[in-house]
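The values are calculated or read from the model by the stated rules, or taken from the named source; none is laboratory data. Just so we're clear, the structure is a prediction, and the values are computed from it rather than from any experiment. All Cβ positions, even for glycine, are placed from backbone atoms using ideal geometry, and neighbour counts span all protein chains on display.
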Amino acid sequence: MAAPAEAAVPLTNVTGAVSDVRGVDGTDAQCINYNPAAGTASAGEVDVAYGRPSGETCPGSLDLGKQSGVGFDASAPGTVTPSQPFLLASIIHYNNPIQGLTYPAGSRSAFIGGTLTLRLGDFQGNPTVEYPWLLEETANSGTCPYGATDGVLCDDRLSFTDPSGSRSVVDTSGQHYRLTISSIAKAAGEQCPATPPASSTDAFVTKERSKTTGCVYGILDPVRQVTIEKRTRPQGAPDTFTFDQSGRTIDGTLPATSTLGDRETKTYEIAGDASFTERDSAGWALTDLACTGDTSGVRIDKAAARFEVGALGGDVHCVFTNAQGGAIVEKRDADGGALIGPATFRFENTGGSAPAIVVTDNAAPDVDPTLGRVEVRGLVPGAWTVTETKAPQGYEIDAPGPVAFTVSADDTTPVKVPAFTDSRKKSALAVIKHESRPDGTVTDKIVPGATFQLWRETNGQAGLQPAGDTAVGVPCTTAGTDPCTVGGLDFGTYYWQETQAPQGYQLPPNAVSDPIVVDASNAGGRAPVTVIGDPQKRSELTITKYDAITGKTLPGATFALYRESNGQNGLQTGGDTLVESCVTGADGTCTIDDLPFGDYWWLETAAPEGYEIPGYPMVGAIRIDAVNAGGPIIQSGLADPQTLSALTVEKKDAVTGAELDGAVFDLRKVAADGSETTYATCTTQGGRCTVGELEFGTYYWHERTPPVGYELPADRDSDPIEITPQNAGGDFAVTTMRDPQTTSALAVLKQDGETEETVDGATFALYSETNGTPGLQPGGDTQVGECTTSGGEPCTIEGLAHGTYYWLETAAPQGYELPVDAQSGPIVVTAQNAGTTFPVTVIGDPQKKSGLSVLKHDADTGAVVAGATFELWRDADRSGTFDRAADVKVAECTTTGTDPCTVDPVGFGTYFWVETKAPQGYELPANPVSDPVVVSAANAGSTFTPVPVADPQLRSALDLVKTDAADGRTLAGAVFQLYADTDGNGKHDDGEPMAGGPRTTDAQGAIRWSDLLHGAYVAVELAAPDGYLLPKDAEHPVEITTENAGTTLTIDVENERKPAPPKPGEVGGVVDHGGDGGHVSGGGLPNTGAPTYALQLSLLAGVMLLLGAWLLVVNRRLREE
């Protein structure tokens, strides 16, 4: 068992050694000396020196007074706490000036490397742990990479390149540890504290030409050996298994995954909590997860296929065991029990812990090569079902399952599932009768009426033996062009036997078919139809020669017998086949036999002596077929033949008279009893068709099908045409029949040329091209109709004959203009497309454009104002309200002079004027958006009244300050009235309105008039402050313009003090107190009266002035009210 995590670990016996000191990274280091020898452990300081003193040779032994060197002194702290830093050793750098170091090319540092080895005597086996170190000796000039402690020479740097140590160690309790150098700190003097100071780093910087001591601190971390092993049942499976791993090892982190096969292991030294999870593997189930060794801190979760382990504790070994089983299922013939295949099965795990497996016999993953037996491995232990999903070829599934079975985790022997049985598919066989030639070859001609019996071979002998084999069902007879068929047939070998030939035919020499094998490869399908050919029965034809007048038979006439073979009605000696010739005997007849089916013609080639060949020397056609073949001799006679005739019909356009191709006519013959037959059918070419070789009789033409683009006439039959002996062979008048054209309809649709929306109210004329000049010429072509679009639909003109047409727009809808090209392209109605649906012609009209204007007014005076900037927006989302995000800006304009600003042209839509910048001296109204302006088809192109938009003036303020003209101090009590200077002359005139009532200066000598509109004003001083004179010019003009509107204007007004009254005995008087600001100046007149009288006059004058000022104020207030 391992020591508890909290227990202190003894560390009393630590020795150190230094070795492998050398120049690295291109440095050549000379004069390396050790004390003690390299690799020798010591409880005291171990040293190594390098370099040679300046101007000297290498010392014979270590000399730290002249050489540079490094010393290590291992510490033995007694006990340490795991995972807590402690003092591991001290390090001393003897940094002396030396030579004998060769710097790498391009570098300003030399590098000395070595290994510190610590032997830990408190652990099992006295283990040693190695820590490589690196000393960087910097050049003592230029830039110092680590600074210069003395301000001149560059400091050097020592660090451990792998502080994690070379191995782990085991204490006496079996606990593994990893001793890691955690930090280095410069000592304060030569003493090291037991725990690392805050200044600890991963390196040690030393002063040049000094002895510097550093403190090396370590951490003893607990580690643990964990082994995972994979085992399979059955043993030796080739599969591999993947594990997901997480946690820390002594060298870093665990690999994210590992892969193991049967009996393979992986071992890790972990330095913290670790987790190992086995991934699902198809076809395998985890049946056991067990750990041995020191299982303290081990947590097993078998359901998750995972175990977790902590770093504390001894070695642990965990085994993942997986098992898989198998199953065997057989497929057998339900009729005989034989193994059959290949069938397909689906294996499903009832619990759903494993994916379904679909296997086809003798295909992967079936491991049994026997056809009819399927063996599947890789089934995880548990409940399974197997279902047949596809039967072998030629079979049908009887019971697909599912069939349940269980795979044991302890017994991996394949489970044998009860066999599945399938029934054979039943088949059908068919036979058909064809005609065969005399040489036995079978033709393509199908002959009905043959009777067949189907036999199944049951006696084990090849070939049909009716006495031993078995008849299947009852005989069947072919009908029409269909074969006769027998179904419900099991596997086996079958034969067709023809028992009766069709009428007019005879059984072939071998009336039994080849064997037909029905087996699994073709069962359920329809086997190829068996074809058996029968030869025709042969016939004879006889011709008799008669005297045309007496009817007496004549010998000596020579006849040739022709068989029709070129596919054309009537005898063509150059195309039909000459069978044989014969000469009439004494009875006037000659006969030719052994004739197959066909149409035959007798042709008289030589008349008897004393006779002439008649004008029509042939008899035919004589038909031999299945009905009369092999019967009595077919006899014919030949007298003077009739002269044959030909009739012609022509087809014309009922309107234009043009000759038409493609009309189909039947020439019908009327018999004496009134019955009718179709003698021939022909189609007009070049406007006509002709039927010849016509015998005496009554005929008429019947139109069956009109030409393309035409209709049948009301009367489809011609007048009767009589062919008699009198007119036979003559020239008959051509029968003329006329067909009306199939008429068509054309439509035109009016659209907005910009939005492509349908527009009502457009008037169109339809013209037919009649003047022979391509393109529309309204003065030369013919107008065939006129219509106006309405209801959102096209307008249509119907009943149109074949020809070329043009639409011409004659009147645009309201709000629209005719397009530049108001006519359509040519629309061609031909016989080929007449009566079909023609594409609607679409003609777009441009909208009438409009101009929209906006005019800026002063909201206070109504005056027109220039300099307002507006944007015109179109209501793109048709909401009826302005929405900057959804609507579209059309244009921007600024009013000038007294004119509105205008945007032209604009199309249909709803628009808003948005004022974006007010004129100087004005501010935007509360709502800068106008009411909507609607441009529609009803008003487009008309003159729109400019939209008025009023802006309020920026209000201004006027401050007046009253001061003493002598000392500038502010004066209260001065009375002022502000007037609007309507004529702008800078003076107050009678009739000009007051701007409020009189105002009196306050203690600060100030008056403020607020909320003033643009314009000229005059501030009139009505009364001066007590003790001050009213100035001669008491009016003070000021003007508020668009440039200074919105600001505060100031008027400064000074008043002069009244002069003191004269003292007794003094002479003097009141001088004129005019001038600006009411300033007073001195002067004198002789005193001609007593002083008392003069004083009285002065007092009276002052009283009168005050009374007059008061009356003036009262009068003006009354006028304002």
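Summary of computed values
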{"item": "When residues of region 736-750 are limited to those that are touching a Gly at 6+ places or on another chain (Cβ under 8 Å) and part of a loop (DSSP other than H, G, I, E, B), the one surrounded by the most Cβ atoms within 10 Å (Cβ to Cβ)", "result": "742"}
{"item": "Residues satisfying the stated conditions in region 671-705, i.e. farther than 17 Å from residue 648 by Cα and not polar (S, T, N, Q)", "result": "671, 672, 673, 674, 676"}
{"item": "Hits in region 59-86 - residues which are within 22 Å of residue 40 (Cα to Cα) and not small (Gly, Ala, Ser)", "result": "59, 62, 63, 64, 67, 70, 72, 73, 77"}
{"item": "Options 476, 484: the member that is crowded, with 18+ Cβ neighbours inside 10 Å, of a type outside the set (Asp, Glu), closer than 30 Å to residue 393 by Cβ and under 60 Å from the mean Cα position of the chain (by Cα)", "result": "484"}
{"item": "Where residue 569 falls short, out of the listed (1) farther than 30 Å from residue 342 by Cα; (2) touching a Phe, Trp or Tyr at 6+ places or on another chain (Cβ under 7 Å)", "result": "(2)"}
{"item": "Filter pass, residue 320 being within 49 Å of the chain's Cα centre (by Cα) and closer than 23 Å to residue 416 by Cβ", "result": "no"}
{"item": "Residue match in region 271-284 (condition: more than 49 Å from the chain's Cα centre (by Cα), within 25 Å of residue 221 (Cβ to Cβ), crowded, with 21+ Cβ neighbours inside 10 Å and of a type outside the set (Gly, Ala, Ser))", "result": "no"}
{"item": "Number of positions in region 207-233 that are within 51 Å of the chain's Cα centre (by Cα) and not basic (Lys, Arg)", "result": "3"}
{"item": "Unmet requirement for residue 132, which otherwise passes all of (1) surrounded by 15 or more Cβ atoms within 10 Å (Cβ to Cβ); (2) part of a loop (DSSP other than H, G, I, E, B); (3) on the phi < 0 side of the Ramachandran plot; (4) not β-branched (Val, Ile, Thr)", "result": "(2)"}
{"item": "Residues of region 230-263 satisfying the condition of being modelled with pLDDT under 95, among the acidic types (Asp, Glu) and within 24 Å of residue 354 (Cβ to Cβ)", "result": "239, 262"}
{"item": "Residue in region 346-363 that is surrounded by fewer than 20 Cβ atoms within 10 Å (Cβ to Cβ) and over 46 Å from the mean Cα position of the chain (by Cα) present", "result": "no"}
{"item": "Qualifying positions in region 294-326 - modelled with pLDDT under 90 and among the hydrophobic types (A, V, I, L, M, F, W, C)", "result": "303, 311, 312, 323"}
{"item": "Top-ranked residue in region 301-315 [being surrounded by 16 or more Cβ atoms within 10 Å (Cβ to Cβ) and part of a strand (DSSP E or B); ranked as farthest from the chain's Cα centre (by Cα)]", "result": "309"}
{"item": "Candidates 510, 522, filtered to the one that is assigned by TED's automatic domain parsing to the domain that holds residue 439, surrounded by fewer than 18 Cβ atoms within 10 Å (Cβ to Cβ) and free of Cβ contacts under 8 Å to residues at least 24 places away in the same chain", "result": "510"}
{"item": "Strands (runs of 3 or more DSSP E) completely within region 455-525 that count 2 or more residues being under 30 Å from residue 597 (Cβ atoms)", "result": "470-477, 484-489, 492-500"}
{"item": "Identity of the residue in region 799-818, touching a Leu at 6+ places or on another chain (Cβ under 8 Å) and of a type outside the set (Gly, Ala, Ser), that ends up nearest to residue 836 (Cα to Cα)", "result": "800"}
{"item": "Subset of region 1014-1030 [of a type in the set (D, E, K, R) and surrounded by 18 or more Cβ atoms within 10 Å (Cβ to Cβ)]", "result": "1021"}
{"item": "Matching entry among 674, 610 (being modelled with pLDDT under 90, on the phi > 0 side of the Ramachandran plot and more than 60 Å from the chain's Cα centre (by Cα))", "result": "610"}
{"item": "Considering residues of region 378-433 that are basic (Lys, Arg) and part of a strand (DSSP E or B) only, the residue surrounded by the most Cβ atoms within 10 Å (Cβ to Cβ)", "result": "433"}
{"item": "Subset of region 537-556 that is of a type in the set (Lys, Arg) and either loosely packed, with under 13 Cβ neighbours inside 10 Å or touching a Ser or Thr at 6+ places or on another chain (Cβ under 8 Å) (or both) - its residue that is nearest to residue 607 (Cα to Cα)", "result": "545"}
{"item": "When residues of region 983-1013 are limited to those that are more than 17 Å from residue 956 (Cβ to Cβ) and of a type in the set (Ser, Thr, Tyr), the one surrounded by the fewest Cβ atoms within 10 Å (Cβ to Cβ)", "result": "1000"}
{"item": "Which listed residue is over 30 Å from residue 171 (Cα atoms) and of a type outside the set (Val, Ile, Thr), from 266, 331", "result": "331"}
{"item": "Restricting region 710-728 to residues that are surrounded by 14 or more Cβ atoms within 10 Å (Cβ to Cβ) and modelled with pLDDT under 90, the residue that is nearest to residue 835 (Cα to Cα)", "result": "723"}
{"item": "Residue in region 666-683 that is assigned to a strand (DSSP E or B), of a type in the set (Ser, Thr, Tyr), in contact (Cβ under 8 Å) with a residue 40 or more places away in the chain and in contact with a strand residue (DSSP E or B) (Cβ under 8 Å, 6 or more places away or on another chain) present", "result": "no"}
{"item": "Only one of 388, 396 that is touching a residue at least 60 places away in the same chain (Cβ under 8 Å) and either under 26 Å from residue 491 (Cβ atoms) or not hydroxyl-bearing (Ser, Thr, Tyr) (or both)", "result": "396"}
{"item": "Checklist (1) buried (at least 20 other Cβ atoms within 10 Å of the Cβ); (2) farther than 20 Å from residue 44 by Cβ; (3) among the hydrophobic types (A, V, I, L, M, F, W, C); (4) in contact with a Lys or Arg (Cβ under 8 Å, 6 or more places away or on another chain) applied to residue 153, failing item", "result": "(1)"}
{"item": "Yes/no for residue 137 being among the charged types (D, E, K, R) and free of Cβ contacts under 8 Å to residues at least 40 places away in the same chain", "result": "no"}
{"item": "Selected residue (only one of 829, 865, 854 is in contact with a Cys (Cβ under 8 Å, 6 or more places away or on another chain), modelled with pLDDT under 95 and buried (at least 18 other Cβ atoms within 10 Å of the Cβ))", "result": "854"}
{"item": "Test set (1) surrounded by 15 or more Cβ atoms within 10 Å (Cβ to Cβ); (2) outside the structural domain of residue 175 (by TED's automatic domain parsing); (3) not aliphatic (A, V, I, L, M) - residue 251 fails condition number", "result": "(1)"}
{"item": "Matching option when the condition is touching a Gly at 6+ places or on another chain (Cβ under 7 Å) and hydroxyl-bearing (Ser, Thr, Tyr), among 830, 796", "result": "830"}
